[in-house]
1. Give me a count of the residues in the range 95-113 that are open to solvent by 70 Å² or more (accessible area, probe 1.4 Å) and either at pLDDT below 85 or more than 21 Å from Arg166 (Cβ to Cβ) (or both).
2. Could you figure out which of (1) assigned to a helix (DSSP H, G or I); (2) at pLDDT below 75 isn't true of Ile79?
3. Identify the single condition in (1) open to solvent by 70 Å² or more (accessible area, probe 1.4 Å); (2) at pLDDT 80 or above; (3) of a type in the set (Lys, Arg) that Arg234 does not satisfy, given that it satisfies every other one.
4. Scan the range 114-159 for residues that are within 17 Å of Leu216 (Cα to Cα) and open to solvent by less than 70 Å² (accessible area, probe 1.4 Å) and jot them down.
5. How about the range 96-131: which of its residues are over 20 Å from Trp142 (Cβ atoms) and either under 22 Å from the mean Cα position of the chain (by Cα) or among the hydroxyl-bearing types (Ser, Thr, Tyr) (or both)?
6. Which of the strands (runs of 3 or more DSSP E) contained wholly in the range 127-245 include at least 1 residues that are free of Cβ contacts under 8 Å to residues at least 24 places away in the same chain and small (Gly, Ala, Ser)?
Amino acid sequence: MKLPTLWPVLSFAGGILLFRAITPHLHPALRFDLLAAGFLLFAGVLALRKSRLIVALALGAAAWVCLGFAVAGFEQSSIPSNLASTLIETGKLDSSVPLRWRGRLRSDPLSLPWGKRYEVELHEVETASGVTPVTGGLRVTWYRDVSNPDPPPQVRAGDRVEVLIRALPIRNFGDPGGFDFRGYLALQGIHLQGSLRNGELMTVIGHPRPTVFERLARARGDFLHSLDDLFSARPEQAALVRAML
């Protein structure tokens, strides 16, 4: 056989397509995908030892179908049903108007040449119809300019905040071979982004006790502020040291 991996790949892809086709009509408790795959592989080995090649190939292909079915199920279950970007893309949340997004800051605000950047772990969003629990990360950027001189309030990692902004899912540029910016931010848990048009549109709504990771984020923020003061006259060196940190 010139392409020994072709049939396993096709069987695996067939399992994924099968999952997408019948999952809406199949209760998750009735799926024993991995058990079925293991049984079929075991049966295929026995058939191969008895020189029943056709039977072994058929059982092996069926096992790969079950594995593809299982992997598709795991991939779908790993995405929360109330992920904020999914709710927007499916039309369950209206992204054409500013909404009140609430959550906890993952880190201290990051000072940038043009303003500040905030990363919020979302908990809920308030719309005209009420409050909806959501998950995911929101990247908020405040741009410093003449029309927007007043910064948002002083906040730190772990603080609960509310921001009134128009948040949109991360988009990639359409250039062929372009950098997958959406996938890059998704690995960091960032699914939405938006611009804070006025510092007053961010409100601190609580100061809960910070977790261990939030304390580490605060320590990192302190280091960054120290570096900014230490290298204030040498911005190029400051950028390099900040990147290393």
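1. 1
2. Result: Ile79 fails condition (1) only.
3. For Arg234, the failing item is (2).
4. Tyr118, Glu119, Val120, Glu121, Val155, Ala157, Gly158, Asp159
5. Matches in the range 96-131: Ser96, His123, Glu124, Glu126, Thr127, Ser129, Val131.
6. Strands (runs of 3 or more DSSP E) meeting the threshold: 130-133.
The values are calculated or read from the model by the stated rules, or taken from the named source; none is laboratory data. What you see is a predicted model; the values in this text were computed from it and never measured. Quick reminder, even Gly has a Cβ in these numbers, built from the backbone with ideal geometry, and neighbours come from all protein chains shown. Keep in mind that these areas ignore ligands, DNA and RNA; they rest on the heavy atoms of the full protein, side chains included. Shrake-Rupley method; radii C 1.70, N 1.55, O 1.52, S 1.80 Å.
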